[in-house]
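Q: Quick one: structure below, then a few questions.
Nothing in this text is a laboratory measurement; each read-out follows from the coordinates by a stated rule. Remember, predicted model here, so these are calculated numbers, not experimental data. Because the Cβ atoms are built from the backbone with ideal geometry, glycine has one as well, and the counts that use them run over all protein chains shown.
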Amino acid sequence: MKPFLFGLLVIGLLAWAPLVLNDYGTGLLLGLTGYATLATAWAMFSGPTRYVSLATVAFFGIGAYTVAVLSETLPYPLVLVVAALIGLSVSLVVGLATLRLAGVYFVIFSFGLAELVRQTVTWYEVNVTGTLGRYIFLPLEARHIYWQLLALLVLTLLIGIYMRKSRIWLALVAVGDDEVAARHAGVDVTRTKLALFALSATIITLVGAIQAPRWTYVEPTIVFNPTISFLTLVMALLGGAGKLWGPIVGAIPLFLLFEWLSANFPNHYSIILGGIFILIVFAVPNGILARLETLGQRRKGEAQ
Amino acid sequence: MFEHLINGLVLGGTYALVAMGLTLQYGIARIMNLSFGDTVIAAAFAAYVLFTALGLSPLLSLLIVVPAGFAFSYGIFSLIMRPLVRRSANSEALEVDSILATFGLLFVIQGVLLVLFGGNFTSYSYLNVPVDILGAVVALNRLSALILAAVLGGALVLLLMRTRWGLRMRAVAISASSAPLVGINVIQTSRMAFAIGGALAASGGVVISMYQTFTVTSGVVFTMKALIVVIMGGKGSLPGALAAGLILGLVETFVAAYIDPGLTLASTYLIFLALLLLRPSGLFGKAS
């Protein structure tokens, strides 16, 4: 019962925060919650299966762009539903084509997916609708967006907690450890991977859709910015993609660092981030949390 | 029609050249290099600078840019990849590690280029004279790009297929774990393959800069296309990369000419998808 109450308290505090924070603080909290959700959703699939997905921004952009296209014709909640459905169907197509093959095909496909979607959307807008770039006028303030993101983050975490207690988690970990062995043990490998990829992609699409009103002007180059995929990946890996709290632990310092870098070194941040990322791959291959655990165990071992 | 065929061959020849580099890096050195296209673009910018600042023709700048690409990749392998090769327990772990490390490298290279050159479209005019071949009009720079790609690619295929050195390379590509049993130094061979792959990327970049506009961010698309060509041709297969590169270039040119230039990447993806569904081991690869 205690962790449950503690959780409620933290959520309550976080939900209350924008009422006392200024605009900058709320914006910061909003961005952080967005990335924390992206990283957690990313790790939901890529953590246990160890399939590196580089397609985060493809789904994020699909969500944001759907809102830009539909926000004036449909009521807002319905727009979110449509966005989620589009994200779901794209992820199912991509997953069905690539997930039954070796992991590297999936990585390659996901690597170029954002560029493909961006070019296709651009082509469609230029040739069919004749408008490149759209305005979003929705009566949503920063705190409204933040509350939605917070709710989505909590939901994502709850799914994560529930999954870790279910059989599907065992199946996933088995797939990540040794796919052939998992198949022999009776795990429907492809279906498990596909379901999880679709779930993770749908959440990512929703993050994009919810955050879209933050930009009043949207065009493909803005919403399909590859830096978003990169940051999500770095955050999840820094904290540890295999742990429930890992992505959030990674998201907090990296988001603040990114904010600081883009304010102070707007031209150099991608060099610095790239360098940091390479360091992470070398120094903490399994993430900070796993590192701390092994350190803790070693200390315990020494004490005995 | 004939004109499109020649242009398609030029584009395809360039893709084949670049993809041969990637297939060496991935097939032999077992490094999945996501920053490959950015090496290509860096070389294109180098050729651009040498041409505009020093008036050096791209053919001459190859003599500077290609060794630089070799040295750069040699250094990257020694600094970043070798520790990963050592650490990885199996080839799958190495694949994931190399994907992650080179993904970081991609942003570093792109960031450096962005600081140096900004985000604008860049091109220069070299040998932009029309040539008449059997009634089709082709720019001389495109024609020399095709010849260059053919010469470099042909030389590499000969080296790999006819020399003892090439035999070592192919042995490591077939089985990195058994190669040491016959006295092959796998790390050394991998490093050489990775560096030659970088040299090919650099030559591809110079060739591309002769007839295409490019930006700092177009590296991703080149990596993507090179990867698709490598997979189409079968991992580590040079003739496969050659054939697949030409096919891709021809398809793209015809799609751009007859359907819509905005849909070339979509057509590339469609080929890739069809291939994944029908022949996941590649055109020339052996079924596993």
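Q: At a temperature of 37 °C and a viscosity of 0.692 mPa s, determine how fast the range A:2-303 diffuses translationally according to Stokes-Einstein, using the Kirkwood radius over alpha-carbon pairs as Rh; express D in µm²/s, rounded to the nearest whole number.
A: Details: Rh = 20.1 Å.
Taking Rh from Cα pairs, D becomes 164 µm²/s.
Q: Right, next: Using a simple charge model, +1 on the beta-carbon of Lys and Arg, -1 on the beta-carbon of Asp and Glu, nothing else, what dipole does the protein assembly as shown show about its Cα centre, in debye to the nearest 20?
A: Working: 32 positive and 21 negative charges, 376 e Å.
So the magnitude is around 1800 debye.
Q: Kirkwood Rh and Cα-based Rg: tell me the resulting Rg over Rh for the range A:233-286, rounded to two decimals.
A: Details: Rg = 11.3 Å, Rh = 11.3 Å.
Here the Rg-to-Rh quotient is 1.00.
Q: Suppose a student asked you for the relative contact order of the range A:183-304, using Cα pairs under 8 Å spaced at least 6 residues apart; what percent would you report? Write out the running numbers ahead of the final one.
A: Details: 65 pairs, mean separation 24.8, N = 122.
Relative contact order for the range A:183-304 comes out at 20 percent.
Q: Still on this structure, please answer the following. Please give the charge dipole size of chain B, origin at the Cα centre, charges +1 on K and R Cβ atoms and -1 on D and E Cβ atoms. Round to the nearest 20 debye. Walk me through the numbers before you get to the answer.
A: On the way: 14 positive and 8 negative charges, 211 e Å.
The calculation lands at about 1020 debye.
Q: Now for a separate question. Please give the helix B:264-278 orientation as an angle from the longest Cα principal axis of chain B, in degrees from 0 to 90, rounded to the nearest 10.
A: Roughly 40 degrees between the two axes.
Q: Using Cβ counts within 10 Å as a stand-in for footprinting exposure, how do A:169, A:260 rank, fewest first? Show your work: numbers first, answer last.
A: Values: A:169 15, A:260 11.
By the 10 Å Cβ count, ascending, the order reads A:260, A:169.
Q: Can I ask one more? Within the range A:2-303, how many lysine pairs that are 8 or more places apart, or on different chains, have C-alpha atoms less than 24 Å apart?
A: Numbers: A:2/A:165; A:2/A:243; A:165/A:193; A:165/A:243; A:193/A:243; A:243/A:300.
The number of close lysine pairs in the range A:2-303 is 6.
Q: If a/c stays under 1.5 just call it rounded; otherwise compare a/b with b/c (prolate if a/b is bigger, oblate if not). Do that for chain B, with a ≥ b ≥ c from the square roots of the Cα gyration tensor eigenvalues. Provide the component values of the computation, followed by the final result.
A: Working: a/c = 1.63, a/b = 1.35, b/c = 1.21.
Prolate shape, in that a/c is at least 1.5 and a/b is the bigger ratio.
Q: Measure nothing but the geometry: give the 0 to 90° angle between the long axis through the Cα atoms of B:140-162 and the longest principal axis through the Cα atoms of chain B, rounded to 10°.
A: Value to nearest ten degrees: 20.
Q: Additional query: Give me Rg over Rh for the protein assembly as shown, both radii from the alpha carbons and Rh done the Kirkwood way, two decimal places.
A: Working: Rg = 24.5 Å, Rh = 25.1 Å.
With Rh from the inverse mean 1/r over Cα pairs, Rg/Rh is 0.98.
Q: Projecting each Cα onto the charge dipole of the protein assembly as shown (Lys/Arg +1, Asp/Glu -1 at the beta carbon, about the Cα centre), which of B:172, A:7, A:197 comes out farthest on the positive side?
A: The residue sitting farthest along the positive end of the dipole is B:172.
Q: Give the distance, in whole Å, between the Cα centre of the range B:1-28 and the Cα centre of the range A:230-304.
A: 39 Å
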